[in-house]
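Chemist: Okay, here's the structure, questions in a sec.
The values are calculated or read from the model by the stated rules, or taken from the named source; none is laboratory data. In this text, all values refer to a predicted model and were calculated from it rather than measured experimentally. Quick reminder, even Gly has a Cβ in these numbers, built from the backbone with ideal geometry, and neighbours come from all protein chains shown.
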Amino acid sequence: MKEIKSIYDSQKQFFKSKETLSIKYRKQSLKKLFSKINKYENDIYDALMIDLGKSNYETYLSEILFVKKEIKTMIKNLNYWAQPKRISGSIYNFPSKDYVIPDPYGCVLNISPWNYPFNLALVPTIGAVAAGNTVVIKPSEHSPEINKILVTIIKESFDPGHVTTVIGDSKEAQELLKLRWDFIAFTGSTTVGKIVAKAAAEFLTPTMLELGGKNPCIVEESSNIKLTAKRIVWGKFVNCGQTCIAPDYIMVQNKIKDKLIEALKSSIQDAYGTNPMESKSYGRLVNKSNFDRIKKMIKGGKIIYGGDSDASTKFISPTLLLDQNLESGAMKEEIFGPVLPIITYDSIDEAYNIIDRFEKPLGAYIFSKNKKSIEKFKNEISAGAIVVNDSIIQFVNSNMPFGGIGESGMGSYHGQHSFDTFTHFKPFIKRSFLPDPFIRYAPYPKDWKWIKKILKYM
């Protein structure tokens, strides 16, 4: 692992050169990255078709477009975000000029996942570069084809001391985590996130952990059933269900159960046809391990739609499970695949009790026209994000922070939130040699009641 140590040392030296402190240099680097993404756009399509069976359209919307928008946002706003901000001073240090200065952390390690391997490797990287850091990207070994393109794009866009990639499996990741980084960003499972957090704690390294969880979805009688089904199907089965914020299970009022199920079936057919295996819009599971895991889940439930599979192509059709046992595999862990359990309830308290069984999710969804229900959900459910009458759309708004809470993660990114996450806001106070307020210095006055009266209004 001498190569990893060499890369690390190179990053440290490059940051010490102060090159990344230049706003002009950061913007030039991001512009170059944008240009190289355009150059290799067709290769990105081909790679993600091989790795995940993604259609070109889905790749563009969920991977390329989002990365390009993030670069544009950074370039447009960087001059303002990176400026020192004047803040109010204190009577204790009057007269003074007080500022908060955005300062890069230094060398950032970005460990990215396989489910959106281009997007999630680059979006945190873009934020870190905009903030003036160097970055080492460790992409998942489960997306080998896009990794090849990613390596090429990074090589042609950045000085290797500024941004580079380390390709490998868990061994390389473990070696990287032994080193003292200034910041670590990780996107992936909660299990691995805990390993990353422990490694970071060894050096008191700040982290951003974007994890997962059991994302609930409540459907009430007042909802528009047809549109609800369409939006759930899109959010659940895009990327073959391999989305960390996808609805993980539905809880539906008993009286509208049958209507919702029929609407879900119809929406699946509208999206992927009667034979999803032939659909050019439907992806595949990433590897045999995930395929086998999802197959086991399906066997443990009551299938009311789908359940078809083909091991040779890692295909599992969009699948609906009804009256799922809360102790079943599909309810005991994050699904991360094209399986949607449906649970019925009579009282809304039943639904809330089920949500309370799990750790705080990355996303939580409710479909309803009832204002009281929406307010209750908004105020009482603790989650990374709350969405009413849609699913997973919180990811596409770069003006909103994206991140989890509790076991679904810590920290957030996207847009300015990315810049802020990868930035230390350094207080800076400049004073003159004019006389000080006498009240701060010893010997302290015996009678200071009048000072107390004054200070409480300051």
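Chemist: Pick out, from segment 98-172, the strands (runs of 3 or more DSSP E) lying fully within it that include 3 or more residues that are β-branched (Val, Ile, Thr). Spell out how you get there, then give the answer.
Modeler: Numbers: elements: 107-111, 134-138, 163-165.
Answer list for segment 98-172: 134-138, 163-165.
Chemist: Against the condition farther than 25 Å from Asn290 by Cβ and of a type in the set (Asp, Glu), how does Asp182 come out, does it pass? Lay out the reasoning, then the answer.
Modeler: Details: farther than 25 Å from Asn290 by Cβ: yes; of a type in the set (Asp, Glu): yes.
It is true that Asp182 is farther than 25 Å from Asn290 by Cβ and of a type in the set (Asp, Glu).
Chemist: So Val396 clears everything in (1) of a type in the set (Val, Ile, Thr); (2) touching an Asp or Glu at 6+ places or on another chain (Cβ under 6 Å); (3) modelled with pLDDT under 95 except one condition, right? Which one?
Modeler: (2)
Chemist: Are there any strands (runs of 3 or more DSSP E) wholly within segment 361-458 with 2 or more residues that are surrounded by fewer than 20 Cβ atoms within 10 Å (Cβ to Cβ) and touching a residue at least 12 places away in the same chain (Cβ under 8 Å), and if so which? First the steps, then the outcome.
Modeler: Working: elements: 364-367, 386-388, 423-431.
In segment 361-458, the matching strands (runs of 3 or more DSSP E) lie at 386-388, 423-431.
Chemist: Something else: Can you say whether Phe358 is buried (at least 17 other Cβ atoms within 10 Å of the Cβ) and not in a helix (DSSP H, G or I), as far as the supplied structure shows? If you could, list the steps in order and put the result at the bottom.
Modeler: Working: buried (at least 17 other Cβ atoms within 10 Å of the Cβ): yes; not in a helix (DSSP H, G or I): yes.
Yes.
Chemist: Quick one: which of Ala201, Ala229, Ala130 is under 30 Å from Leu21 (Cβ atoms) and either without any contact (Cβ under 8 Å) to a residue 12 or more places away in the chain or not assigned by TED's automatic domain parsing to the domain that holds Leu109 (or both)?
Modeler: On the way: Ala229 fails: under 30 Å from Leu21 (Cβ atoms); Ala130 fails: either without any contact (Cβ under 8 Å) to a residue 12 or more places away in the chain or not assigned by TED's automatic domain parsing to the domain that holds Leu109 (or both).
Of the residues listed, the single one that is under 30 Å from Leu21 (Cβ atoms) and either without any contact (Cβ under 8 Å) to a residue 12 or more places away in the chain or not assigned by TED's automatic domain parsing to the domain that holds Leu109 (or both) is Ala201.
Chemist: In addition: Of all residues in segment 45-74, count the ones that are more than 21 Å from the chain's Cα centre (by Cα) and assigned to a helix (DSSP H, G or I).
Modeler: As a first pass, look at segment 45-74 and keep what is more than 21 Å from the chain's Cα centre (by Cα): 45-47, 49-50, 53, 55-57.
Next cut, assigned to a helix (DSSP H, G or I) only: 45-47, 49-50, 56-57.
The total comes to 7.
Chemist: Please go through (1) closer than 30 Å to Leu211 by Cα; (2) not assigned by TED's automatic domain parsing to the domain that holds Val67 for Lys430 and return the number of the only condition it doesn't satisfy.
Modeler: It fails just one condition, (1).
Chemist: Then there's this: What do you reckon, is Gly106 in the same structural domain as Ile75 (by TED's automatic domain parsing) and surrounded by fewer than 21 Cβ atoms within 10 Å (Cβ to Cβ)? Don't jump to the end; show me each part of the working.
Modeler: Numbers: in the same structural domain as Ile75 (by TED's automatic domain parsing): yes; surrounded by fewer than 21 Cβ atoms within 10 Å (Cβ to Cβ): yes.
In short, yes.
Chemist: Which ones in segment 286-332 are free of Cβ contacts under 8 Å to residues at least 12 places away in the same chain and either under 27 Å from the mean Cα position of the chain (by Cα) or in the same structural domain as Pro113 (by TED's automatic domain parsing) (or both)?
Modeler: Ser289, Asp292, Lys332
Chemist: Right, here's the next one. What is the one condition in (1) in contact with a Ser or Thr (Cβ under 7 Å, 6 or more places away or on another chain); (2) without any contact (Cβ under 8 Å) to a residue 40 or more places away in the chain that Arg86 does not satisfy?
Modeler: Going through the list (1) in contact with a Ser or Thr (Cβ under 7 Å, 6 or more places away or on another chain); (2) without any contact (Cβ under 8 Å) to a residue 40 or more places away in the chain, Arg86 breaks only (1).
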